[in-house]
There are 2 protein chains.
Amino acid sequence: MKHGPSIARIGALVGDPARANMLTALMSGQALTAGELAIEAGVAANTASGHLAQLLDGGLLAVEKQGRHRYFRLAGPDIAETLEALMDLASRNGGRRTRPGPKDPELRRARVCYDHLAGEQGVALMARMTAGKLLALGDGSIEMTAHGERHFAAFGIDVAALKSASRPVCRSCLDWSMRRPHLAGGLGAALLTRIVHLGWARRLPASRIVRFVPSGEKAFAKLFA
Amino acid sequence: MKHGPSIARIGALVGDPARANMLTALMSGQALTAGELAIEAGVAANTASGHLAQLLDGGLLAVEKQGRHRYFRLAGPDIAETLEALMDLASRNGGRRTRPGPKDPELRRARVCYDHLAGEQGVALMARMTAGKLLALGDGSIEMTAHGERHFAAFGIDVAALKSASRPVCRSCLDWSMRRPHLAGGLGAALLTRIVHLGWARRLPASRIVRFVPSGEKAFAKLFA
DNA sequence: CCAATGCTTCGGCGATCCCCGAAGCATGCC
DNA sequence: GGCATGCTTCGGGGATCGCCGAAGCATTGG
């Protein structure tokens, strides 16, 4: 017992303000350099290095080197999920927020969670895809149906590429603002990318907000309906 | 930025091994005394007092005095939800666990989450209730239908008492093992209580496992189907 | 090649926090 | 009423950890 449970380890990692700031900055799924994260955290570069090493060691971050630059990102969407849970809990306890949380109507409406669409729009899309049998729910898992494959391909998704990638195609991501799942995984990410590419919505800089244009919102509401 | 975000505050509270042990011990929704929590945490009584004060101040725990005894419990089911998220994340990162986590097949199958049924059985029940129109899903909310009221009353649930209580009747609780919601709120709790009262299942001592007897499992599978 | 930049490592400092013994207050039981 | 028990508060000790300056290594661009 004296060694503490492993939730303490995760908690301690999140529990430092500088590290919390870094994690928050990475919530939109973008990768940032060590220097950028140092600025986000408001600490010196060498201090940031120490923090980043801990987050890497703890499995919360992943890193890729590009020349002298090291790009850090969240190690997976589950990290984003858990951080969203913590944000939700913190907002309920009157804690100060670094940024508008899911109480922000726009973030509740549509936001980026790691690399896929979350919020009301994300959950609504998920509901349409399951109701329309494009996705099949199993025990804790989700699979694309053959019927769904055709629809996704028609929408411009490279389904073969999704299937050959190493990450799961479909994954249920728990949505804290809606308390129901939205779609994550390769397909979830591809759908968001496609929606942005079509100009239906755009991502606001330095924010997780996904803002639909009026015509895009109409088109989206019909998608897979 | 130097003040850190509020997720850091929650993280720091969870990040101490003694406090993490206390929170874990309270996951089943039962209330424990300060002395019992001191034992769970493996620290002296006065140390435990300090920790409990912090958890109270942070809004993670609530307390009720009964004579010289102080009974602590989690401040709400959202705390349990978030702790489950942390447990899930910790288990994915190869961290040590104090107890079998949701990787335990029995816990995945059926377990107590705060005061209601979670796991495969909890999620399956939720699916039956929504598919059968006993519950209606709104934007982030769940409501009991009139149709559902009759069914719940027939099952032995005091619906009027639920409605007059101060807590929400229906609440979606995100299930980390199944990645879909199970039912929380007054109704969720009442259903678990009823199931146990009927002898369909029982709660294992000092554990969150809910174990169905064979006949109870059969009856449960037909409930609201 | 050299200077600038990005990043990591080392070492020391200081703040914080958890630990428990001791003491005190409240409650319950005989 | 006295004693035992539950719990909290106070104070001191020691461990931990985040901080940054300095130094070193790697990469990039002129």
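Dipole of the protein assembly as shown, Cα-centred, from +1 at each Lys and Arg C-beta and -1 at each Asp and Glu C-beta, to the nearest 20 debye?
In total the dipole reaches around 240 debye.
Calculate the translational D of region B:143-188 in whole µm² s⁻¹ from Stokes-Einstein, where the hydrodynamic radius comes from the Kirkwood formula applied to all Cα pairs, the temperature is 10 °C and the viscosity 1.306 mPa s.
141
Within the protein assembly as shown, how many Lys pairs sit with Cα atoms under 28 Å apart, leaving out pairs fewer than 8 places apart on the same chain?
Number of lysine pairs found: 23.
Using θ = phi - 60° and the Karplus form 6.51 cos²θ - 1.76 cosθ + 1.60, what ³J(HN,Hα) does each residue of region B:118-127 get, whole Hz, x for Gly and Pro?
Per residue, the Karplus-derived 3J(HN,Hα) values read 10, x, 4, 5, x, 5, 5, 4, 4, 4 Hz.
Using modelled backbone amide H atoms (1.01 Å from N, in-plane), which distant-in-sequence or interchain residues come within less than 5 Å of A:Ala184's amide H?
Under 5 Å from the amide H of A:Ala184: A:Arg171, A:Ser172, A:Cys173.
Give me the summed buried accessible area for the B-A pair, 1.4 Å probe, to the nearest 100 Å².
Chains B and A together bury roughly 4700 Å² of accessible area.
Please work out the Cα convex hull volume for region B:30-76 and give it in Å³ per residue.
66
May I ask you to evaluate 6.51 cos²θ - 1.76 cosθ + 1.60, the Karplus curve with θ = phi - 60°, for each residue of region B:185-200 and list the ³J(HN,Hα) values in order in whole Hz, giving x for glycine and proline?
x, x, 5, x, 5, 5, 5, 4, 4, 5, 4, 5, 5, 6, x, 5
Label points 7 Å out from Cα along the Cβ direction at A:Leu198 and B:Ala221: separation in nm?
It is 4.1 nm.
Over all alpha-carbon pairs of chain A, lay out the pair-distance distribution in 5 Å bins, whole %, shortest bin first.
For chain A, the pair-distance distribution reads 1, 6, 14, 18, 18, 16, 12, 8, 5, 2, 0, 0.
What residues have an amide H closer than 5 Å to that of B:Leu135, excluding those fewer than 5 places away on the same chain, when H is modeled at 1.01 Å from N in the peptide plane?
B:Thr130, B:Thr145
Quick one: pull the percent of accessible area on region B:3-78 belonging to carbon and sulfur, 1.4 Å probe, ligands and nucleic acids left out.
50
Taking amide H atoms as placed 1.01 Å from N in the peptide plane, list the residues 5 or more away in sequence, or in a different chain, whose amide H sits under 5 Å from that of B:Leu61.
Placed amide hydrogens put B:Leu56, B:Ala75 under 5 Å from B:Leu61.
Taking a label point 7 Å from Cα toward Cβ, how far is A:Val63 from its twins in the other copies, in nm, shortest first?
Values, ascending and in nm: 4.3.
For chain A, what is the accessible area per residue in Å² when the probe is 1.4 Å? Write down the numbers at each step before the final one.
Numbers: 9530 Å² over 225 residues.
Ligands and nucleic acids excluded, the figure is 42 Å² per residue.
In angstroms, what radius of gyration and Dmax does the protein assembly as shown have, counting Cα atoms only?
Radius of gyration, then largest Cα-Cα span, for the protein assembly as shown: 22.2, 69 Å.
Which whole-Hz couplings ³J(HN,Hα) result when phi for each residue of region B:208-218 is put into the Karplus expression 6.51 cos²θ - 1.76 cosθ + 1.60, θ = phi - 60°, listed in order with x for Gly and Pro?
8, 5, 10, 10, 7, 7, x, 5, x, 5, 5
The values are calculated or read from the model by the stated rules, or taken from the named source; none is laboratory data. Computed from a prediction, not measured in an experiment: that's the story for all the values here. Ideal geometry is used to build each Cβ from the backbone, glycine not excepted, and the neighbour counts take in all protein chains shown. SASA here: full protein model, heavy atoms, side chains in, ligands and nucleic acids out. Shrake-Rupley method; radii C 1.70, N 1.55, O 1.52, S 1.80 Å.
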